[in-house]
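Worksheet: the structure to be examined is printed underneath.
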Amino acid sequence: MISDIFVSLVASFVVYPLQAEIGEKVRAARQPVAILAQAQACIASQGPKLIERATSDWGWAATTAIRVSVGFTRREDLLDRKDPACSDVIRALNASAVSGS
């Protein structure tokens, strides 16, 4: 029961908005369509890992949801930079942040 609440928090404040944010930033930065496909693969890979972590570490789930919602932590910072599906996406997001998109 309680774990469901924390999973819902992480899904609502991190995973789903991250998916939308990545798509929006990639389109706004006019990145190649391949990056958008990689972004979807990245979320498919990382989303379940974030949910699993939320299930096993309620404190992390609560603080992460709060930190993301108030802007202390960027959602993309929660992605595994070593994941091949995410590395190019993270670079594209960082490039769009630097260019001000």
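Throughout, read-outs are computed from the coordinates displayed, never taken from laboratory work. For clarity, every value in this text was computed on a predicted model and none was experimentally measured.
Return one number: the angle in degrees, 0 to 90 and rounded to the nearest 10, between the long axis of the Cα atoms of helix 33-56 and the longest principal axis of the Cα atoms of the chain.
For helix 33-56, the angle is close to 10 degrees.
With a/c under 1.5 counting as rounded, go ahead and sort segment 40-83 into rounded, prolate or oblate using the C-alpha gyration tensor (a ≥ b ≥ c being the square roots of the eigenvalues; past the cut-off, prolate if a/b is larger than b/c, else oblate). Please list the in-between numbers first.
On the way: a/c = 2.34, a/b = 1.28, b/c = 1.83.
The shape class here is oblate.
If the convex hull of the alpha-carbon atoms of the chain is projected onto planes in all directions, what is the mean projected area in square nanometres? Working shown, then result.
Working: hull surface 23.8 nm².
Here the figure is 6.0 nm², rounded to one decimal.
Could you calculate the contour length gain from TRP58 to ALA20, that is, 0.36 nm times the residue separation minus the distance between their Cα atoms, to one decimal place in nm? Don't jump to the answer; show the numbers that get you there.
Values: separation 38, 0.36 × 38 = 13.68 nm, distance 2.42 nm.
My answer for the length gained is 11.3 nm.
Between ALA41 and ILE5, what length comes free when the chain is fully extended (0.36 nm per residue of separation minus the Cα-Cα distance, one decimal in nm)?
On the way: separation 36, 0.36 × 36 = 12.96 nm, distance 2.57 nm.
Once the chain is fully extended between ALA41 and ILE5, it gains 10.4 nm.
Can you give the calculated 222 nm mean residue ellipticity of the chain, where each DSSP H run of n ≥ 4 adds -39,500 (n - 2.57) and the sum is split over every residue, rounded to the nearest 500 deg cm²/dmol?
So the calculated ellipticity at 222 nm is -24500 deg cm²/dmol.
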